[in-house]
Amino acid sequence: MKNFAIPSLVVASAIASSSSAAIIVFTSEFVWDGYAAGNDAAMFTETFETYNGFYASPLTGSMGGVNWSANATGGIFVGAVGTSQALSTNNPVPMTLSFTG
């Protein structure tokens with residue numbers, strides 16, 4: 001049974017002279033696009049097209065200097081959902097996505 005499907009990940013990064021942290025939630029792609037453009041953010045999209053099948057946990061990858069890791073007990077499955085690749089678990093367990101970089 002596949003519990004979680006994530007069709008793609010979009011990661012934005014910007015270089016700043018000082019460090020700070022915040023979480024901002026966007027519910028509108030239009031607002032996100034404006035925010036990203038106004039803050040000189042670089043955007044990268046992970047489509048998982050280079051992955052297919054079962055992988056032992058963790059499954060890792062990188063895009064544009066941002067590293068990601070997907071972890072789930074029992075492993076990670078990557079396969080088509082409609083016309084897009086998606087991550088899912090092979091068991092009814094949580095999947096954790098982590099980002100660094």
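Sort 73-85, 23-35 for me by packing, meaning the mean count of neighbouring Cβ atoms within 10 Å per residue, highest on top.
Sorting 73-85, 23-35 by mean packing, highest first, produces 73-85, 23-35.
How many nm separate the modelled label positions at Met43 and Ser98, each set 7 Å beyond the Cα in the direction of the Cβ?
The answer from the label model is 2.8 nm.
What's the FRET efficiency of Thr27 with Ser62 using the Cβ-Cβ distance as r and R₀ = 35 Å, to the nearest 0.05? Each step should come with its number before you reach the end.
Working: r = 27 Å, r/R0 = 0.78.
Calculated value: 0.80.
Every read-out reported here was derived from the displayed coordinates using simple, explicitly stated rules and does not represent laboratory data. The model shown is predicted, which means the values in this text are computed figures rather than measured ones. Using ideal geometry, Cβ is built from the backbone for each residue, glycine included, and neighbour counts are taken over all protein chains shown.
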